[in-house]
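**Q** Quick one: structure below, then a few questions.
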Number of protein chains: 2
Amino acid sequence: MQSEAAKLYYFHGRGRSQQSRWALSAAKIPFTNVCLSSSREFEELCASGKLTYNQVPMLEAGGQCISQSMAIVRHAARLGSLFGRDSQESSRCDEILDGITDARGAIISFPFMDDPHECCMRLQQSIQRFWPCFEALIERNASPPYVVGASLTVADVLLAELVDSTSEAFAATFGPEAAVGMLAPFSKLRALHQHVTGLPEIQALKNSDNWFPFPAGKVGADYVRNVRTVLS
Amino acid sequence: MQSEAAKLYYFHGRGRSQQSRWALSAAKIPFTNVCLSSSREFEELCASGKLTYNQVPMLEAGGQCISQSMAIVRHAARLGSLFGRDSQESSRCDEILDGITDARGAIISFPFMDDPHECCMRLQQSIQRFWPCFEALIERNASPPYVVGASLTVADVLLAELVDSTSEAFAATFGPEAAVGMLAPFSKLRALHQHVTGLPEIQALKNSDNWFPFPAGKVGADYVRNVRTVLS
């Protein structure tokens, strides 16, 4: 008997659920998006007691409801054996996940900002600040393309997602060549990104109904309208 | 042969290291504060390659250097068996740790804000927003005073720390009665706080050289000066 697919409750878009989608996919945990459309749906979900902090995203899986986007990511990593071989590797994964959170704020803000150029300037600062640190970690780990240990971890998956969505932000704002130029100095992150996006699980995610396009232009405007409607 | 105590590198004060100190103590991991005093010391630490993101806190333990305050907390929890009995309890711990991070911003800002009353207003909003959620979690867990499972976890330790430092902020700003009044509606968090602060490991922390007083008044001003000197 196959268990029911997990449900990921969120808005109609990427936002704070996107990293969970990559992590769940890499961990081979089947899931479906449950996208909220109205404030009434959100109120009903709050009233159900399933949202610990009256916030989405929330993952409902195997009778458990997990709130907080990074708690969902870590849950997927734990179930998918993507948290390193030992506690030392797990701590390294945590250190990288928390660095990614610090580095990724501008990606979350992108559709909510009036000027995508301003957002890309913030992203550029974040790249200069954090990406050399990520390159150094991959180099020090000495097992390319991986950043922790000798096999895939959640740290690889979320670094690849960071590279992927940052490239999309640059391509949407300045054209595809700008994205290529932005990535040029980071050969190890590029190799890691290529490896992870080539995995059948990530390919399948990108070709599935669980995939949303990057929230630029009309896609972003529709997403922002959806978020505001649900939270109104 | 006893292994060397872990070293926790930070400024002369609480800041982003305080949760790590509670978690390390609860996990019975001996540590000593290494407090930076000058920009030269910080530059030397950066040059050593031990700081993944050129930031403190950093924990050096058993040959491993771990950056990011919550990665240090999770490292302590893992080594001290404070991460729940199974993956379901671990996910619940993560969900609570991430909720505490959302709820705790004003504690970090306290010494950097000109007006402690304004800071306590932000804290008050955060209490109204998050503390009923924490109370509900303890109630749903049905194994008081614990918030996850039937024994101590890192989620208990950091909730107790949140209650402790929030009380101190209110007591320092409005007097001890204000702190008592602030806690009054939250009987389950009070019981949890009483249990955790009564543990011999937390008592020992509070009586050790690793303990700093709450950063109000002169203590806060000295801490802010120290941070600015080191980062200048």
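The values are calculated or read from the model by the stated rules, or taken from the named source; none is laboratory data. None of these values were measured; they are calculated from a predicted model. A quick note on method: Cβ atoms are made from the backbone with ideal geometry, for glycine too, and the neighbour counts reach across all protein chains shown. Calculation scope for accessible area: heavy atoms of the full protein, side chains included, ligands and nucleic acids excluded. Shrake-Rupley method; radii C 1.70, N 1.55, O 1.52, S 1.80 Å.
**Q** Report yes if residue B:112 is more than 21 Å from residue A:74 (Cα to Cα), more than 8 Å from chain A (Cβ to nearest Cβ) and not acidic (Asp, Glu), otherwise no.
**A** Yes; evaluated as a whole, the condition is true for this residue.
**Q** Output the residue which, of all residues in region B:47-89 that are touching a helix residue (DSSP H, G or I) at 6+ places or on another chain (Cβ under 9 Å) and of a type in the set (Lys, Arg), is nearest to residue B:14 (Cα to Cα).
**A** B:74
**Q** Does residue B:91 meet the test of being in contact with a His (Cβ under 9 Å, 6 or more places away or on another chain) and within 14 Å of another protein chain (Cβ to nearest Cβ)?
**A** Taking the combined requirement at face value, the residue satisfies it.
**Q** Quick test of your reading of the structure: residue B:165 fulfils all but one of (1) within 22 Å of residue B:85 (Cα to Cα); (2) of a type in the set (Gly, Ala, Ser); (3) under 16 Å from the mean Cα position of the chain (by Cα). Name the failing condition by number.
**A** (1)
**Q** Kindly evaluate residue A:128 against the criterion of being more than 14 Å from chain B (Cβ to nearest Cβ), open to solvent by 50 Å² or more (accessible area, probe 1.4 Å) and in a helix (DSSP H, G or I).
**A** Spelling it out, it is not the case that residue A:128 is more than 14 Å from chain B (Cβ to nearest Cβ), open to solvent by 50 Å² or more (accessible area, probe 1.4 Å) and in a helix (DSSP H, G or I).
**Q** Could you figure out which of (1) of a type outside the set (A, V, I, L, M, F, W, C); (2) part of a helix (DSSP H, G or I); (3) free of Cβ contacts under 8 Å to residues at least 60 places away in the same chain isn't true of residue B:185?
**A** Going through the list (1) of a type outside the set (A, V, I, L, M, F, W, C); (2) part of a helix (DSSP H, G or I); (3) free of Cβ contacts under 8 Å to residues at least 60 places away in the same chain, residue B:185 breaks only (2).
**Q** Can you name the condition, by its number, that residue A:112 falls short on among (1) of a type in the set (Phe, Trp, Tyr); (2) more than 27 Å from residue A:217 (Cβ to Cβ); (3) open to solvent by 20 Å² or more (accessible area, probe 1.4 Å)?
**A** Condition (2) is where residue A:112 drops out.
**Q** Still on this structure: Counting only residues that are modelled with pLDDT under 95 and more than 13 Å from chain B (Cβ to nearest Cβ), give me the helices (runs of 4 or more DSSP H) lying completely in region A:1-83 with at least 3 of them.
**A** Filter on region A:1-83 gives an empty set.
**Q** Looking at residue B:205, is it assigned to a helix (DSSP H, G or I), modelled with pLDDT of 95 or more and under 26 Å from residue B:139 (Cα atoms)?
**A** Spelling it out, it is not the case that residue B:205 is assigned to a helix (DSSP H, G or I), modelled with pLDDT of 95 or more and under 26 Å from residue B:139 (Cα atoms).
**Q** Let me ask you something else. Residues that are within 30 Å of residue A:172 (Cα to Cα), open to solvent by 10 Å² or more (accessible area, probe 1.4 Å) and either touching a strand residue (DSSP E or B) at 6+ places or on another chain (Cβ under 8 Å) or of a type in the set (Gly, Ala, Ser) (or both): does region A:44-53 have at least one?
**A** No.
**Q** Additional query: Any residue in region A:205-216 that's more than 16 Å from residue A:166 (Cα to Cα): show its pairings with residues that are open to solvent by 20 Å² or more (accessible area, probe 1.4 Å) and part of a loop (DSSP other than H, G, I, E, B) at Cβ separation under 7 Å, as long as the two are six or more apart or on different chains.
**A** Pairs found: A:205/A:211.
**Q** Name the single residue that is farthest from residue B:220 (Cα to Cα) among those in region B:161-178 being open to solvent by 30 Å² or more (accessible area, probe 1.4 Å) and not hydrophobic (A, V, I, L, M, F, W, C).
**A** B:177
**Q** Take the residues of region B:96-109 that are open to solvent by 10 Å² or more (accessible area, probe 1.4 Å) and hydrophobic (A, V, I, L, M, F, W, C): which is farthest from the other protein chains (Cβ to nearest Cβ)?
**A** This residue is B:107.
**Q** Let me confirm something: among B:123, B:158, B:137, B:152, which residue is in contact with a His (Cβ under 9 Å, 6 or more places away or on another chain) and open to solvent by less than 40 Å² (accessible area, probe 1.4 Å)?
**A** Of B:123, B:158, B:137, B:152, the one residue that is in contact with a His (Cβ under 9 Å, 6 or more places away or on another chain) and open to solvent by less than 40 Å² (accessible area, probe 1.4 Å) is B:152.
**Q** A follow-up question, please. Among A:94, A:115, which is the only one that is at pLDDT 95 or above and either touching a helix residue (DSSP H, G or I) at 6+ places or on another chain (Cβ under 6 Å) or charged (D, E, K, R) (or both)?
**A** A:94
**Q** Suppose we filter region B:20-37 for residues that are farther than 17 Å from residue B:81 by Cα and open to solvent by less than 40 Å² (accessible area, probe 1.4 Å); how many remain?
**A** Going through region B:20-37 one residue at a time, the tally reaches 4.
**Q** Which residue out of A:67, A:17 is in contact with a Gly (Cβ under 8 Å, 6 or more places away or on another chain), open to solvent by less than 10 Å² (accessible area, probe 1.4 Å) and within 19 Å of residue B:96 (Cα to Cα)?
**A** Being in contact with a Gly (Cβ under 8 Å, 6 or more places away or on another chain), open to solvent by less than 10 Å² (accessible area, probe 1.4 Å) and within 19 Å of residue B:96 (Cα to Cα) holds for just one of A:67, A:17, which is A:67.
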